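Only one structure is covered here, and it is reproduced in the block below.
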Amino acid sequence: MLSAASPLPTPSSIADAEAAPDTLALPQGTTIAYRLTQGRAPGVVFLGGFKSDMTGSKAVRLEAFARARGQAFLRFDYQGHGASSGRFEEGTIGTWMLDAITVLDVLTTGPQVLVGSSMGGWIMLLVARERPERIAGLLGIASAPDFTQDLIWDQLSPGDRQRLLDQGRLAQPSDYGEEPTIITRSLIEEGRNHLLLQSPLRLACPVRLLHGTADNDVPFDRSLMLLDAIDHDDVELTLVKHGDHRLSDERGLALIEATLARLLDRL
């Protein structure tokens, strides 16, 4: 599992994307890679998915969208992802949530709109709960809150569960590459500290959710559950018929841009 149109990226923006990213040094000696576009508020922060990085089509396209509007934009890699330091297998939901809070606190100023894709949709909700005074709006794309429990642990066979507990890790086939995805015991157990869907989720900002009905990684009923759980009146869900998990084709990207534009204009 998990990860009206603006102009396409210009040659200068493509050159920027090929340059080495900036890095933010953390107190524990690790680094977070990021790309920051200066602009007006509210800024936009893109939160990627499980095992994805900031070079994905949605992150790059939204950066060009924000630049065209003169809007501040930040994309980054969690520890163990992309150009950031650390090992993926050592990361947890709590680790990546703290990464997102850190870049929000250190690299941005003023109100921000968080755009979360897949696991990033879970992370954005956790960040909004921790920093309500900084978050002006949320846009979730195939949001996957609680996926470590509901979509991984609960779906494992008894034998795989026991192997994960005994060995501390389990290799699962990936639809996005030849290398298997390593699921760790710490990912599952630490993730239980951040589950959101069992009780009302009180938020202080408007929320927009997009989800494809043909999503084979995160079923679209996850967004229906989230819609029901969020304790706020200004929440809208758009289902994309036949849309897949990534929503990164032209139709999906245009919808993401249009939804973000309406949210920013409202703010």
- Task: Obtain the nm distance between the two label points defined at E90 and R40 by a simple spin-label model: each point lies 7 Å from its Cα along the Cα-to-C-beta direction.
- Result: 4.3
- Task: Compute the relative contact order of segment 168-267 as a whole-number percentage, counting only Cα pairs closer than 8 Å that sit 6 or more residues apart in sequence.
- Result: 23
- Query: Under a plain spin-label model, where a point goes 7 Å from the Cα along Cα-to-Cβ, how far apart in nm are R163 and T23?
  - Reply: 3.6
- Pull out a ≥ b ≥ c, the square roots of the eigenvalues of the alpha-carbon gyration tensor of segment 13-149, then state rounded if a/c is under 1.5, prolate if not and a/b is larger than b/c, and oblate in the remaining case. rounded
- Task: Please check which bits of segment 166-183 a label hung off N216 would reach, taking the label as a point 7 Å along Cα-to-C-beta and the cut-off as backbone N under 15 Å.
- Result: 173-178
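What shape does segment 160-222 have by the C-alpha gyration tensor, where a ≥ b ≥ c are the square roots of the eigenvalues, rounded means a/c under 1.5, and otherwise prolate means a/b greater than b/c and oblate the rest?
Values: a/c = 2.94, a/b = 1.44, b/c = 2.04.
Here segment 160-222 falls in the oblate category.
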- Which number do you get for Rg(Cα) / (2.2 N^0.38 Å) in segment 81-221? 1.10
- A correct Karplus calculation of ³J(HN,Hα) over segment 98-103, with 6.51 cos²θ - 1.76 cosθ + 1.60, θ = phi - 60°, whole Hz and x for Gly and Pro, returns 5, 4, 5, 5, 4, 5
- Query: Residue farthest toward the positive end of the dipole of the chain, with Cβ of Lys/Arg at +1 and Asp/Glu at -1: which of H211, P21, T95?
  - Reply: P21
- Query: Counting only the backbone N, which residues of segment 26-48 are under 14 Å from the spot 7 Å out from the Cα of T102 toward its beta-carbon?
  - Reply: 26-34
- Task: Give me the distance in nm between label points sitting 7 Å out from Cα along the Cα-to-Cβ direction at L151 and L267, one decimal.
- Result: 2.4
- Task: Would you mind ranking Y78, Y176, Y34 so that the residue whose beta carbon has the fewest other beta carbons within 10 Å leads the list?
- Result: Y176, Y34, Y78
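Using a ≥ b ≥ c from the Cα gyration tensor of segment 214-267 (square roots of the eigenvalues), is it rounded, prolate or oblate, where a/c under 1.5 gives rounded and otherwise the larger of a/b and b/c decides, a/b for prolate?
oblate
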- Item | All Cα pairs of segment 198-240, percent lying beyond 17 Å | 31
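Only the coordinates and a few stated rules stand behind these numbers; no lab work does. Since the structure is predicted, the reported quantities are computational estimates derived from the model, not experimental observations. With ideal geometry, Cβ positions are generated from the backbone for all residues, glycine too; neighbour counts draw on all protein chains shown.
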